[in-house]
Each structure stands twice: as structure tokens, then as C-alpha cells.
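Dropping a structure here in C-alpha cells format, bear with me for questions.
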2 protein chains.
Amino acid sequence: MKVDLLIQAGWVIPVEEGSVTHKNHALVIHNDKIIDLLPIDQSEQKYQAKTVKKLPNHALLPGLINSHTHASMSLMRGVADDLPLMDWLQNHIWPLEQKWMNEAFVRDGTDLAIAEMIRGGTTCFNDMYYFPDIAAQQAIKHGIRASIGLIVIDFPTVWAENSESYMEKGLALHEQLRHQALITTTFAPHAPYTVSDEPLSKIHTFANELELQIHMHLHETEHEIQDQQQKTKQTPIQRLHQLGLLSPSFMAVHMTQIDDNDIKLIAQTGTHIIHCPESNLKLASGFCPIAKCLEAGINIALGTDGAASNNDLDMLGEMRTAALLAKGVSGDASAVPAITVLKMATINGAKALGIDHLTGSLSIGKSADVIAIDLDVLETQPLYDPISQIVYAASRQQVTDVWVAGKQLLNNRELTTLNIADLKLKVSEWQKRLKTV
Amino acid sequence: MKVDLLIQAGWVIPVEEGSVTHKNHALVIHNDKIIDLLPIDQSEQKYQAKTVKKLPNHALLPGLINSHTHASMSLMRGVADDLPLMDWLQNHIWPLEQKWMNEAFVRDGTDLAIAEMIRGGTTCFNDMYYFPDIAAQQAIKHGIRASIGLIVIDFPTVWAENSESYMEKGLALHEQLRHQALITTTFAPHAPYTVSDEPLSKIHTFANELELQIHMHLHETEHEIQDQQQKTKQTPIQRLHQLGLLSPSFMAVHMTQIDDNDIKLIAQTGTHIIHCPESNLKLASGFCPIAKCLEAGINIALGTDGAASNNDLDMLGEMRTAALLAKGVSGDASAVPAITVLKMATINGAKALGIDHLTGSLSIGKSADVIAIDLDVLETQPLYDPISQIVYAASRQQVTDVWVAGKQLLNNRELTTLNIADLKLKVSEWQKRLKTV
């Protein structure tokens, strides 16, 4: 049979149920899909491929899914570090956003983020920011899969005036993007403290009708919870539950300071948790007890958050931090093993985003969203277990090749859809502007 | 004046008091020492250098000091992960050590560790393991600075029979290494639960006499503390204090589960803490409250621990984890800023090891232990603050050049004193042996 692409690899790690690692296997890709997985020695008999890619020292994995980003905040990477949260927001991030936020900022910042993500093996990101139309446009342009948040906030920003106009613009954008193969949309009400009940109820109704996921910050800090409790005698979780939002359509981002009752409720309602360990540490927001949550059966995905509070979009690093931190927080060295965080960074993300029928594992019939990691590097030797080395020892620089829907976006470390020199020039211009605020 | 080497860099970060970053400066190196630091445009007028190295997009820093390693355990990287501590030790690490520990293991494992460390910008490591003679020999051979632990344990191992013979072998090795420029030695009683009072008292006496530092695991786990308290009604810290060991000559490694009284005692005695955040997380040992300890005036250095419980010897990554974790543990996003962890990884390490007159900062008169980090990489753009980007965003692959005592060990990412292909072959042979236990 004639096919587009045969990738022959030392190891193939599909991240399906059972968590098998296949040695010396080939992934067969035709059009934009995975159509077979078989031993290398049978692959060239069965298939005549336009391209045969030989990666004998590499592991193939499903592309990583960064389930919580503010992509264009990359332009503010390191602009203000080591500050208390409110000082950081009120005196640095918000004034910069106020002054500089426009379509060009989001375009160039999203490009920087997309370039960094592709170079680090991320094939899909779940974004929430101003000008989601521009973020979608840049994702389509550069061939990366994206879940675009239709942001809603009570107060006026550069993107919209009030909750009605956010909804209107969001719905129009959803309509406009409906037939884009790589793009899905979600409702993205910013946070409990920035969105009131009425728009949340509307979002609930529209999300059901249009079958869209909802992407929202929730229980990020102790302050958020105390503040809400003072005002309404409810925690933000309780309030959202009362509004009917907690469900398998809901992605709750951060979820620090949750107790056993919260965990029970999250599990019962099928709500997804998006865990952002490095951002939670950097902003001293608290710890999400993911070992407990996993035990309760909650689907947990992984996100970096924006680069201004991380300061990278490195999902390999985020997996390592998630695995290490979970052991420390739970006091159990066997908690959240390597394969579990790998699932959080792939198939669990796809489930949370509602796209696990499309991506998240190297399964026959799914989109060819595939990455290759070179394990023949001193830092990942000896190689007793590829999954362990990928999570605990590999760097994102070991990601050599990336495909999204069968299209190669990274070829032996070279980006195919972005020009690094151009991008660096644009970024340095933004740096000069932002620094002189 | 004629000199050996002029390194002209975009930024020079000396890590001295005051934490100034110099832009477009040159470091002047003659024989094995730093003899000047001045603006680039003056450097070529004042000095005629045999070699001029131009690194306009790079930051120069003092070489990183990994203050706690078991270097040759690199051969056990990833051999057994995600296990409870005692299962990991008793059923995996100790049986492997029992079966395979010999001079060849330590030679090849130390080489693997040294190669990884140099590639990651580490110029000095503080080691504790069997066959310290071999570790010293390999460090000398490859030109890296090392502090070699003269290990002492109560029970017999491949290295010695009983505490007397450990002491004898240790003292002989100290004598033998006394005139090696790159090597210092420390007494390395393994841990409170493996070394009894008599040898500890002897170590105390000899350390004073010979002016050697003492390097010891202390308060690594809750179990260690409880066990000791049951036996002696003292915590391990109290016991060591009673024996007179806590002092500026003492490096206490790990120090989780310490309370305010412990912190006061550590501060009063001038004892150094070696913080190993990734190992403490991975083995679920607990958290060292470093923000509090720094506030109390304690000198804190940074170590990776062995690669079997980390799983890398990446000091850039360890700095990031230390800074992030300290914020999470203290609940303060402004705790342990980037410059503070950079000090922990350089000058504080030198102080703990008793070699801050030799190394640990880019100060005139000190040894030319220097590293260059390329910041002109997408992942560290924009570049508002080099120190922030180095700690929070850079990867160790951005380390391009490394010098120890003026000798270049890494040249544009190429190791000059180790052959990677040979090393990989040896490592893969060990992998085959260890896996079939």
C-alpha cells in the first residue's frame, strides 16, 4: 500500500491504556492520520512510503498538549520576577498590558510562544487571552493545533466592552473557526472574581448548546477563596457548582487549596483539573494535591500557564516538576510515576479539551500529532526505561522532529513554518518598548 | 601586558557582593587565574592575549558548584524510579551496589558524571561515595575541580572493613591528594544512622587538626529523626551538636523537617546547609525551609544528589527548582530570588566546601573557573534581565564554554578532555550488566 510517511523509531510510546512501549516499531502516516503501527522489519514490506524517516535512537510519542497558556505573554518573559502576586500584577503585568496590548503584540507574542512550543514537542495548546482571533490565525498559519479560549470578563478591555460584547465576539469567532481542522474553541470566563453569575449562566447554556468546553481559572490562590467566602459565604467551587458549571465540559485551572469535599465534588461532576505546578510555585499560589485527585478518579491535564509566571513553555520540564512535586506534597515517592505525568501531558489534555477522539495518543485513526525525542544523548544514558528518562532526565532540546496532522513542523531541530531570525528581531523590538514603560 | 586569554562577553555576572551585572565586559585570564575585569573596548588596548574569545550574546558566570553528589551513581540513572525510599534502597540500589560496586564502576560512572557536569556548566563537585581515590583520579584526569569525601561508615563495604580502616584509608588518601591543585578532601561520615559516636568524635578531632570540612547527610527523612529519637531521646542534629560537630566546618546535607530551634542552632554554629531540592522531592523526603534558613543567616549551597534520585546532575535545573520550591514552601513569591539561587550554586558552595578563596565568583585573583551561557536563543528571549533568564528559562544546553583553572574543558559544546563515543560504549556495557541482576 502506498502511504505518505513511515517513521521507524527505536521506541514507540503510544500512551494508550496499558502503557506499552514498542521497541523498533514504525508508525505509518497517510494523509493527516496514523494508519498503522507495526514492527520496523514488516513496515517496508507492507507499505511503500513517499518518505521514510529513520530514527533508531529516538522515541516517538504523541505530541504534548499544553492545557493552559496565555501564549503572547511570552513577550513578558522575565520582565518582572520574584515579586508578590499582587505587586507583580498591579505594578508590572497589568500596566504593561494596558499600555501595549494590541493585535500586533498578540500576533508576535503568539508566534514566539508557538516557536518555543514546537521546539519543545508541544503540538497543541489551550489558550486564554485577548485577541483570540489573532492567536487562532497564527496557530493556523504555523500549523499547530490549538484550543482557542473565547475570553469573557465583566469589565472593558482592548478586546471587548462588557460581558455581552465578549460573548458576541466570542460566538462570532467560534462560528468563523468552526471548520478549521486544527482549531477548536472553548468558552474562557477568566476567573470567579472577574466574571459574575449572569454571564456564567449564559456561558453554561451556550456551552451545552454548542458542545464547547469551558476553560477557567479556579481556586488559584487562598486570597481568591477567602474573598469570595466573605462576599457570598461560598467558595468559588461551590458557587460554580450551584451555577451548574462543574461537569465534564469544565476545565478548572490551578485548583490549589482544595479539600477532600472539593475533590469528591470535582470527581463526581467529571470536572477536569488543569495542573500548572511551576506557575503555582513561582507565584506561591499553593499546591494542588494531584496524587489525591488522581486517586479520586479525576482527569488531570498539565499546563505551563503564561511565560511571565513560569518562565518557559516547556512541557517536558513541567512533567518533571509535576512528578517530583506530587511526591513531595503527598509524602509518597511512588506517587504520580513517570507514565502518569506523560498521560497528563498528552491523552488527559486531549480529554480535558474534548479532542481525545482526534489526538492525545498514537492510536490508529487519530491525527498524526507525533514527536520524536533523541535518547542517544549522554544525559539520558544509561537507558533502562525510555519513559523514565524522558520524564526525569531529558531536556526539550532532545526533541528533534514534530508533526501535526501529518505535517512536519520541526525537522531535525529546524522549524519549518517560522523564521527564527525574523521572530527574534520582532521580539527584540517589543523588549525595547516594554522595558521603557 | 601579555596574557593567556581574553573572554569578551555580552554580560559578565561575577556573583560578588552587590550582585552587579557588567555589560560588554572582558575577563582577563593569565596562567590559571582571573587577573582583570574591564570594559571590552579597553581590554584589547591594555592586554595582548594569546587567545581572544568573543562571546557577544553570552553571559559569563563563575562555574557552578554541585555541593552534593554521588558521581558514579550516574550508572544507575533511572534504573528504579517512582518507588518508596526503602523499597528503592533495599530492593534496587543496595543489591546493585553489592553486586557491581568496584573500581571500574566508579571510574566509568564518575566519567559519565563529569562529562554531564561539564556540559551543564558545573566546574566543581563535592562527592561522597566508595573508592574516592578513583573519583579523585578521574577528576584530575579530566581537569574538573572536586572536593573528595573520605567516606566513613560503621560496617564493611568494598572500600573498607570498619570505621578504623575507613579512617586510615581516608587519611592516606588525604595525604596523597594534598598537593593536587584541583582537589580538596573532606571527611564524609555517611549519615547519623550509619556512623556511631566514636568515629564521629575522631573525625571531629582530625578535621580540626587538618582543617578539613565534614560532609554528611543529616535530617534527610522523618524516619531518620524518629528512629534516632527513639534510641537516644535526641534528634540527629542535637546529637551531632553534642559531639561538637556543628560548626563552619560542617556541611549538613538535606535538612528536611527542621524547626525554628534547629534553624537557630544551625545559624549560631555557622553550619552550612546543602540543599538538594529535586532529590528531596523525588524520594518524598520532605522540604528544607530555605527561605527561613537564609533569613536566619545560614549559608546554603545547592546539590543535585546522585543521578539515581534526581535523575540529572543539572545545576541550572536545580537552581530553578530551588527558587520555585522555596516560594511555594514559604508562601511568598518574593522569597529566594534568582540572584540568591545563583549564589547558592556558586559562592555559597565554595564557602561550604572551604574553597571560597579559590573559586565561587569571578573575582580578581581567584582561579579562572568560568562558564559561558548563550542567551541569544529563542527560549531566553526577550532578555530583560540575564540572571532571571538564566535561572528561570535557560537550559543547560545553552552552556557553550567551560574553563577550570584557565583550562578549557568545553569548547563551543565540545568536551576537550573526554571522548563521548568511548564513554557511551562503556555506559552501555554497564547498562547490560546492571539490568540483568
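The values are calculated or read from the model by the stated rules, or taken from the named source; none is laboratory data. Everything quoted here is computed from the prediction, not taken from an experiment. Neighbour counts are summed over all protein chains in view; Cβ atoms, including those assigned to glycine, are modelled from backbone coordinates with ideal geometry.
Please find, within region A:268-283, the residue that is nearest to residue B:328 (Cα to Cα) out of those that are within 20 Å of the chain's Cα centre (by Cα) and assigned to a helix (DSSP H, G or I).
It comes out as A:281.
How many residues, within region B:384-395, are touching a strand residue (DSSP E or B) at 6+ places or on another chain (Cβ under 9 Å) and either at the interface with another protein chain (Cβ under 7 Å from one of its Cβ atoms) or without any contact (Cβ under 8 Å) to a residue 24 or more places away in the chain (or both)?
Looking only at that region, the number is 1.
Name the pairs: first residue in region B:69-94 and at the interface with another protein chain (Cβ under 8 Å from one of its Cβ atoms) and among the charged types (D, E, K, R), second residue surrounded by fewer than 20 Cβ atoms within 10 Å (Cβ to Cβ) and not in a loop (DSSP other than H, G, I, E, B), Cβ to Cβ under 9 Å, at least 6 apart or on different chains?
Cβ pairs passing all conditions: B:82/A:339.
Take region B:154-185 and flag every residue that is outside any helix (DSSP H, G or I) and either under 20 Å from residue B:103 (Cβ atoms) or of a type in the set (Phe, Trp, Tyr) (or both).
Residues satisfying the conditions are B:155, B:156, B:157, B:158, B:159, B:160, B:161, B:180, B:183, B:185.
When you go through (1) in a helix (DSSP H, G or I); (2) in contact with a strand residue (DSSP E or B) (Cβ under 9 Å, 6 or more places away or on another chain); (3) surrounded by fewer than 24 Cβ atoms within 10 Å (Cβ to Cβ) one by one for residue A:286, which number turns out not to apply?
(1)
In region A:170-185, which residue that is touching a residue at least 12 places away in the same chain (Cβ under 8 Å) and farther than 24 Å from residue A:356 by Cβ is surrounded by the fewest Cβ atoms within 10 Å (Cβ to Cβ)?
A:176
Looking at B:364, B:373, which one is more than 20 Å from the chain's Cα centre (by Cα), away from chain A (no Cβ under 13 Å) and of a type in the set (Val, Ile, Thr)?
None of the other options fit; the residue is B:364.
Looking at B:381, B:398, B:389 in this structure, which one is among the polar types (S, T, N, Q) and closer than 15 Å to residue B:120 by Cβ?
Testing whether each residue is among the polar types (S, T, N, Q) and closer than 15 Å to residue B:120 by Cβ leaves just B:398.
I need the full set of residues from region A:289-312 which are buried (at least 24 other Cβ atoms within 10 Å of the Cβ) and β-branched (Val, Ile, Thr), in order please.
A:290, A:300, A:304
Would it be correct to say that residue B:365 is surrounded by fewer than 24 Cβ atoms within 10 Å (Cβ to Cβ), in the same structural domain as residue B:285 (by TED's automatic domain parsing) and touching a residue at least 40 places away in the same chain (Cβ under 8 Å)?
For residue B:365, the condition - surrounded by fewer than 24 Cβ atoms within 10 Å (Cβ to Cβ), in the same structural domain as residue B:285 (by TED's automatic domain parsing) and touching a residue at least 40 places away in the same chain (Cβ under 8 Å) - is not met.
Now for a separate question. Starting from region B:220-235, keep only residues that are closer than 25 Å to residue B:305 by Cβ, then list their pairs with residues that are of a type in the set (Asp, Glu) and surrounded by 14 or more Cβ atoms within 10 Å (Cβ to Cβ) whose Cβ atoms are within a distance under 9 Å, requiring at least 6 positions of separation or different chains.
B:235/B:262
Now for a different question. Within region B:97-109, is even one residue within 14 Å of chain A (Cβ to nearest Cβ), in contact (Cβ under 8 Å) with a residue 60 or more places away in the chain and among the aromatic types (Phe, Trp, Tyr)?
Within region B:97-109, the subset within 14 Å of chain A (Cβ to nearest Cβ) is B:100, B:105, B:108-109.
Filter once more, keeping what is in contact (Cβ under 8 Å) with a residue 60 or more places away in the chain: B:100, B:105, B:108-109.
Restricting the remaining residues to those that are among the aromatic types (Phe, Trp, Tyr) gives B:100, B:105.
Yes, the conditions are met somewhere in region B:97-109.
To keep it simple, each residue is scored yes or no on (1) in contact with a His (Cβ under 6 Å, 6 or more places away or on another chain); (2) crowded, with 19+ Cβ neighbours inside 10 Å; (3) among the small types (Gly, Ala, Ser).
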| site | (1), (2), (3) |
| --- | --- |
| A:8 | no, yes, no |
| A:14 | no, yes, no |
| A:18 | no, no, yes |
| A:24 | no, no, no |
| A:29 | no, yes, no |
| A:53 | no, yes, no |
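Return the residues of region B:250-267 that are of a type in the set (A, V, I, L, M, F, W, C) and either in contact (Cβ under 8 Å) with a residue 40 or more places away in the chain or not in a helix (DSSP H, G or I) (or both); say none if nothing qualifies.
Within region B:250-267, B:250, B:251, B:252, B:253, B:255, B:258 qualify.
Report those helices (runs of 4 or more DSSP H) wholly inside region A:317-405 carrying at least 3 residues which are closer than 22 Å to residue A:258 by Cα.
Passing ranges, in order: A:338-344, A:347-352.
Moving on to the next point. Among the residues of region A:56-90, which ones are surrounded by fewer than 23 Cβ atoms within 10 Å (Cβ to Cβ) and small (Gly, Ala, Ser)?
Result: A:80, single match.
A further question on this structure: Sort out which residues of region A:269-297 are closer than 28 Å to residue A:84 by Cα and among the aliphatic types (A, V, I, L, M), and write them in order of number.
A:273, A:274, A:281, A:283, A:284, A:290, A:291
Residues checked against (1) β-branched (Val, Ile, Thr); (2) at pLDDT 95 or above; (3) touching a Lys or Arg at 6+ places or on another chain (Cβ under 6 Å); (4) more than 22 Å from residue B:254 (Cβ to Cβ):
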position: B:38; (1), (2), (3), (4): no, yes, no, yes
position: B:44; (1), (2), (3), (4): no, no, no, yes
position: B:51; (1), (2), (3), (4): yes, yes, no, yes
position: B:59; (1), (2), (3), (4): no, yes, no, yes
position: B:71; (1), (2), (3), (4): no, yes, no, no
position: B:87; (1), (2), (3), (4): no, no, no, no
position: B:90; (1), (2), (3), (4): no, no, no, no
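Exactly one of (1) at pLDDT below 95; (2) surrounded by fewer than 13 Cβ atoms within 10 Å (Cβ to Cβ) is unmet by residue B:419. Its number?
(1)
Here's a check for you: in region B:422-437, which residue that is polar (S, T, N, Q) and at the interface with chain A (Cβ under 10 Å from one of its Cβ atoms) is surrounded by the most Cβ atoms within 10 Å (Cβ to Cβ)?
It comes out as B:431.
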